[in-house]
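Novice: Could you have a look at this structure, given as C-alpha coordinates, before my questions?
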Amino acid sequence: AQTVTQSQPEMSVQEAETVTLSCTYDTSENNYYLFWYKQPPSRQMILVIRQEAYKQQNATENRFSVNFQKAAKSFSLKISDSQLGDTAMYFCAFMSYAGKSTFGDGTTLTVKP
Amino acid sequence: GAVVSQHPSWVICKSGTSVKIECRSLDFQATTMFWYRQFPKQSLMLMATSNEGSKATYEQGVEKDKFLINHASLTLSTLTVTSAHPEDSSFYICSARDQPPALQETQYFGPGTRLLVL
(Lines give C-alpha, C1' and ligand atoms only; values in the text may rest on other atoms or scores of the structure.)
Protein backbone atom coordinates (compact mmCIF):
# COMPACT_ATOMS: atom_id res chain seq x y z
CA ALA A 1 0.00 0.00 0.00
CA GLN A 2 1.06 3.52 -0.72
CA THR A 3 1.36 6.29 1.83
CA VAL A 4 1.70 10.02 1.28
CA THR A 5 2.95 12.34 4.01
CA GLN A 6 2.63 16.09 4.13
CA SER A 7 4.45 17.24 7.23
CA GLN A 8 3.27 20.87 7.17
CA PRO A 9 -0.39 21.18 8.25
CA GLU A 10 -0.30 24.96 7.82
CA MET A 11 1.94 27.45 6.09
CA SER A 12 1.83 31.13 5.32
CA VAL A 13 3.70 33.35 2.89
CA GLN A 14 3.75 37.01 2.01
CA GLU A 15 2.31 38.01 -1.32
CA ALA A 16 4.94 37.92 -4.10
CA GLU A 17 7.24 35.68 -2.06
CA THR A 18 8.13 32.04 -2.71
CA VAL A 19 6.96 29.09 -0.65
CA THR A 20 7.72 25.37 -0.78
CA LEU A 21 5.33 22.67 0.35
CA SER A 22 6.83 19.31 1.19
CA CYS A 23 5.58 15.83 0.38
CA THR A 24 7.08 12.40 0.81
CA TYR A 25 5.61 9.09 -0.21
CA ASP A 26 6.25 5.43 0.10
CA THR A 27 5.67 2.83 -2.58
CA SER A 28 7.15 -0.35 -3.95
CA GLU A 29 6.02 0.48 -7.48
CA ASN A 30 8.44 1.81 -10.07
CA ASN A 31 5.99 3.51 -12.40
CA TYR A 32 3.40 5.92 -11.09
CA TYR A 33 2.19 9.51 -11.20
CA LEU A 34 2.42 12.27 -8.63
CA PHE A 35 0.16 15.28 -8.39
CA TRP A 36 -0.40 18.43 -6.47
CA TYR A 37 -4.01 19.54 -6.18
CA LYS A 38 -5.41 22.77 -4.86
CA GLN A 39 -8.70 22.84 -2.96
CA PRO A 40 -10.06 26.34 -2.39
CA PRO A 41 -13.02 27.04 -0.06
CA SER A 42 -15.39 25.93 -2.83
CA ARG A 43 -13.86 22.46 -2.29
CA GLN A 44 -13.46 21.84 -6.03
CA MET A 45 -10.25 19.90 -6.55
CA ILE A 46 -8.03 21.72 -9.04
CA LEU A 47 -5.00 20.10 -10.63
CA VAL A 48 -1.91 22.24 -10.07
CA ILE A 49 0.84 20.08 -11.50
CA ARG A 50 1.61 16.48 -12.40
CA GLN A 51 4.77 14.42 -12.67
CA GLU A 52 5.38 11.05 -14.28
CA ALA A 53 7.77 8.98 -12.19
CA TYR A 54 9.76 7.82 -15.22
CA LYS A 55 10.63 11.42 -16.12
CA GLN A 56 13.68 12.83 -14.44
CA GLN A 57 12.90 16.39 -15.47
CA ASN A 58 10.94 18.32 -12.89
CA ALA A 59 7.53 19.50 -14.04
CA THR A 60 6.76 23.21 -14.20
CA GLU A 61 3.52 25.09 -14.77
CA ASN A 62 3.96 28.83 -14.82
CA ARG A 63 4.58 29.86 -11.17
CA PHE A 64 4.41 26.28 -9.94
CA SER A 65 7.28 23.82 -10.07
CA VAL A 66 8.20 20.61 -8.35
CA ASN A 67 11.37 19.09 -7.00
CA PHE A 68 10.98 15.38 -7.67
CA GLN A 69 13.55 13.14 -6.02
CA LYS A 70 12.57 9.59 -6.93
CA ALA A 71 15.21 7.81 -4.88
CA ALA A 72 14.29 9.82 -1.82
CA LYS A 73 10.58 9.51 -2.61
CA SER A 74 10.17 13.24 -2.25
CA PHE A 75 7.90 15.53 -4.26
CA SER A 76 7.85 19.15 -3.09
CA LEU A 77 5.90 22.00 -4.65
CA LYS A 78 7.36 25.46 -5.09
CA ILE A 79 5.05 28.41 -5.62
CA SER A 80 6.80 31.52 -6.89
CA ASP A 81 5.42 35.04 -6.79
CA SER A 82 2.63 33.94 -4.45
CA GLN A 83 -0.76 35.52 -5.08
CA LEU A 84 -3.75 35.98 -2.79
CA GLY A 85 -5.67 33.55 -4.98
CA ASP A 86 -3.18 30.83 -4.09
CA THR A 87 -4.70 30.65 -0.61
CA ALA A 88 -6.14 27.14 -0.37
CA MET A 89 -5.55 23.66 0.91
CA TYR A 90 -2.95 21.78 -1.13
CA PHE A 91 -2.91 18.01 -1.44
CA CYS A 92 -0.08 15.85 -2.66
CA ALA A 93 -1.31 12.67 -4.34
CA PHE A 94 0.15 9.43 -5.61
CA MET A 95 -1.56 7.57 -8.42
CA SER A 96 -0.70 4.07 -9.54
CA TYR A 97 -0.92 3.04 -13.17
CA ALA A 98 -4.19 1.33 -12.23
CA GLY A 99 -5.54 4.77 -11.42
CA LYS A 100 -5.95 4.35 -7.68
CA SER A 101 -4.94 7.48 -5.80
CA THR A 102 -3.66 8.10 -2.29
CA PHE A 103 -3.72 11.60 -0.86
CA GLY A 104 -1.69 13.30 1.83
CA ASP A 105 -3.40 15.03 4.72
CA GLY A 106 -3.02 18.41 3.06
CA THR A 107 -1.30 21.71 3.78
CA THR A 108 -3.34 24.83 4.35
CA LEU A 109 -1.56 27.71 2.66
CA THR A 110 -2.38 31.31 3.48
CA VAL A 111 -1.00 34.09 1.32
CA LYS A 112 -0.85 37.34 3.27
CA PRO A 113 -1.13 40.74 1.62
CA GLY B 1 -10.05 20.25 -20.17
CA ALA B 2 -12.27 17.33 -19.24
CA VAL B 3 -15.31 18.14 -17.14
CA VAL B 4 -16.97 16.02 -14.48
CA SER B 5 -20.29 17.02 -12.97
CA GLN B 6 -22.03 15.85 -9.81
CA HIS B 7 -25.67 16.10 -8.89
CA PRO B 8 -26.94 17.20 -6.49
CA SER B 9 -24.37 19.60 -5.15
CA TRP B 10 -26.10 19.80 -1.79
CA VAL B 11 -28.66 17.50 -0.17
CA ILE B 12 -30.35 17.35 3.21
CA CYS B 13 -32.28 14.23 4.12
CA LYS B 14 -33.93 12.59 7.08
CA SER B 15 -32.29 9.72 8.89
CA GLY B 16 -33.30 6.37 7.40
CA THR B 17 -33.82 7.60 3.87
CA SER B 18 -31.65 6.83 0.85
CA VAL B 19 -29.81 9.38 -1.22
CA LYS B 20 -28.49 8.97 -4.75
CA ILE B 21 -25.56 11.02 -6.05
CA GLU B 22 -24.74 11.11 -9.76
CA CYS B 23 -21.33 11.58 -11.30
CA ARG B 24 -21.08 12.31 -15.02
CA SER B 25 -18.17 12.78 -17.37
CA LEU B 26 -19.43 15.43 -19.76
CA ASP B 27 -16.98 15.42 -22.64
CA PHE B 28 -15.13 12.13 -22.40
CA GLN B 29 -15.76 8.48 -21.72
CA ALA B 30 -14.67 7.13 -18.37
CA THR B 31 -14.23 3.42 -17.91
CA THR B 32 -13.18 4.05 -14.33
CA MET B 33 -14.65 6.41 -11.77
CA PHE B 34 -13.66 6.82 -8.16
CA TRP B 35 -15.70 7.84 -5.14
CA TYR B 36 -14.13 9.71 -2.24
CA ARG B 37 -15.33 10.95 1.09
CA GLN B 38 -13.91 14.03 2.75
CA PHE B 39 -14.53 15.40 6.23
CA PRO B 40 -13.90 19.11 6.91
CA LYS B 41 -10.23 20.07 6.76
CA GLN B 42 -9.24 16.44 6.17
CA SER B 43 -7.92 14.44 3.28
CA LEU B 44 -9.83 12.58 0.61
CA MET B 45 -10.45 8.97 1.50
CA LEU B 46 -11.06 6.58 -1.38
CA MET B 47 -14.28 4.66 -0.86
CA ALA B 48 -14.51 2.60 -4.02
CA THR B 49 -13.43 2.19 -7.61
CA SER B 50 -16.23 1.96 -10.11
CA ASN B 51 -15.71 0.21 -13.43
CA GLU B 52 -18.22 0.40 -16.25
CA GLY B 53 -20.22 -2.78 -16.58
CA SER B 54 -18.78 -4.52 -13.55
CA LYS B 55 -19.06 -4.51 -9.79
CA ALA B 56 -17.36 -1.78 -7.85
CA THR B 57 -14.27 -2.50 -5.79
CA TYR B 58 -14.63 -1.20 -2.25
CA GLU B 59 -11.84 -0.12 0.06
CA GLN B 60 -11.36 -1.86 3.34
CA GLY B 61 -13.82 -0.66 5.94
CA VAL B 62 -16.39 0.67 3.46
CA GLU B 63 -19.75 -1.10 3.69
CA LYS B 64 -20.78 -2.15 0.21
CA ASP B 65 -24.39 -2.64 1.28
CA LYS B 66 -24.43 0.86 2.71
CA PHE B 67 -22.82 2.62 -0.22
CA LEU B 68 -24.20 1.17 -3.44
CA ILE B 69 -22.28 2.05 -6.57
CA ASN B 70 -23.49 1.56 -10.12
CA HIS B 71 -21.50 2.39 -13.26
CA ALA B 72 -24.06 1.70 -15.95
CA SER B 73 -22.46 3.64 -18.78
CA LEU B 74 -19.15 5.15 -19.80
CA THR B 75 -20.31 8.57 -18.66
CA LEU B 76 -22.33 7.90 -15.51
CA SER B 77 -21.66 6.43 -12.10
CA THR B 78 -24.02 6.68 -9.14
CA LEU B 79 -23.47 6.39 -5.41
CA THR B 80 -26.49 5.57 -3.28
CA VAL B 81 -26.22 6.03 0.45
CA THR B 82 -28.82 3.64 1.81
CA SER B 83 -30.63 4.17 5.11
CA ALA B 84 -28.57 7.26 5.77
CA HIS B 85 -27.65 8.23 9.31
CA PRO B 86 -26.12 11.43 10.71
CA GLU B 87 -22.65 9.87 10.71
CA ASP B 88 -22.92 9.56 6.92
CA SER B 89 -22.98 13.35 6.67
CA SER B 90 -19.93 14.31 4.67
CA PHE B 91 -18.60 15.72 1.41
CA TYR B 92 -18.59 13.14 -1.37
CA ILE B 93 -16.38 13.65 -4.41
CA CYS B 94 -16.17 11.59 -7.57
CA SER B 95 -13.40 11.53 -10.13
CA ALA B 96 -13.14 10.01 -13.58
CA ARG B 97 -10.32 8.63 -15.63
CA ASP B 98 -10.03 8.93 -19.40
CA GLN B 99 -10.61 5.93 -21.61
CA PRO B 100 -8.33 4.87 -23.08
CA PRO B 101 -5.80 6.26 -20.64
CA ALA B 102 -4.54 9.47 -22.13
CA LEU B 103 -0.90 10.29 -22.47
CA GLN B 104 -1.48 12.94 -19.88
CA GLU B 105 -2.79 10.50 -17.33
CA THR B 106 -4.79 12.17 -14.64
CA GLN B 107 -8.09 12.14 -12.84
CA TYR B 108 -10.76 14.75 -13.31
CA PHE B 109 -12.72 15.65 -10.21
CA GLY B 110 -16.35 16.56 -9.84
CA PRO B 111 -17.33 19.56 -7.71
CA GLY B 112 -18.51 17.38 -4.84
CA THR B 113 -21.80 16.77 -3.05
CA ARG B 114 -22.46 17.91 0.49
CA LEU B 115 -24.71 15.48 2.34
CA LEU B 116 -26.36 16.38 5.63
CA VAL B 117 -28.42 13.72 7.36
CA LEU B 118 -30.72 14.99 10.07
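The values are calculated or read from the model by the stated rules, or taken from the named source; none is laboratory data. Model, not experiment: these values are computed from the prediction. No Cβ is skipped: glycine too gets one built from the backbone with ideal geometry, and neighbour counts run over all protein chains shown. Each accessible area value is taken on the protein alone, full model and side chains, heavy atoms only, with ligands, DNA and RNA left out. Shrake-Rupley method; radii C 1.70, N 1.55, O 1.52, S 1.80 Å.
Novice: Mind checking which lysines have their Cα closer than 23 Å to the Cα of B:Lys64? Skip sequence neighbours fewer than 8 apart in that chain.
Specialist: A:Lys100, B:Lys14, B:Lys20, B:Lys55
Novice: Let me ask something additional. Skip the ligands, DNA and RNA, and give the accessible area per residue of the range B:1-97 with a 1.4 Å probe, whole Å².
Specialist: Per-residue accessible area for the range B:1-97 comes out at 49 Å².
Novice: In square angstrom, rounded to the nearest 10, how much accessible surface does B:Asp98 have for a 1.4 Å probe?
Specialist: Solvent-accessible area, nearest 10 Å²: 30 Å².
Novice: Subtracting the Cα-Cα distance from 0.36 nm times the residue separation, let me have the gained length for B:Leu26 to B:Ser54 in nm, one decimal.
Specialist: Using 0.36 nm per residue and subtracting the Cα-Cα distance, I get 8.0 nm.
Novice: Given the range A:1-56 reduced to its alpha-carbon atoms as identical point scatterers, what log10 I(q)/I(0) does the Debye formula return at q = 0.17, 0.18, 0.26 Å⁻¹?
Specialist: Here the Debye-derived log intensity ratios amount to -0.76, -0.84, -1.28.
Novice: Still on this structure, I have one more. Please give the total accessible area that chains B and A bury against each other, computed with a 1.4 Å probe and expressed in Å² to the nearest 100.
Specialist: Between B and A, the summed buried area is about 1800 Å².
Novice: Going through the range A:40-113, which chymotrypsin sites (Phe, Trp or Tyr not before Pro) have at most 16 other Cβ atoms within 10 Å and a DSSP loop state?
Specialist: Sites meeting the loop and neighbour criteria: A:Tyr54, A:Tyr97.
Novice: Ok, one more. For A:Phe64, project a label point 7 Å along Cα to C-beta. Then give me every residue of the range A:1-31 with its amide nitrogen under 15 Å of that point.
Specialist: The answer is A:19-23.
Novice: Would you work out if the range B:3-65 is rounded, prolate or oblate? Take a ≥ b ≥ c from the square roots of the eigenvalues of the alpha-carbon gyration tensor; rounded if a/c is under 1.5, else prolate when a/b is larger than b/c, oblate otherwise. Don't skip to the answer; put the middle values down first.
Specialist: Numbers: a/c = 1.44, a/b = 1.20, b/c = 1.20.
Rounded is the answer for the range B:3-65, as its axis ratio a/c remains below 1.5.
Novice: Excluding residues fewer than 8 places away in the same chain, name every one of the lysines whose C-alpha is closer than 20 Å to that of A:Lys78.
Specialist: Cα-Cα hits under 20 Å: A:Lys38, A:Lys55, A:Lys70, A:Lys112.
Novice: Given a 1.4 Å probe and every protein chain left where it sits, what share in percent of the accessible area of the protein assembly as shown is carbon and sulfur?
Specialist: 50 percent
Novice: Just read off the accessible area of B:His7 with the full protein assembly in place, 1.4 Å probe, to the nearest 10 Å².
Specialist: Near enough 120 Å² of accessible area.
Novice: Taking each pair of distinct Cα atoms in the protein assembly as shown once, what is the resulting Kirkwood hydrodynamic radius in Å?
Specialist: Taking the inverse mean of 1/r over all distinct Cα pairs, the protein assembly as shown comes out at 18.3 Å.
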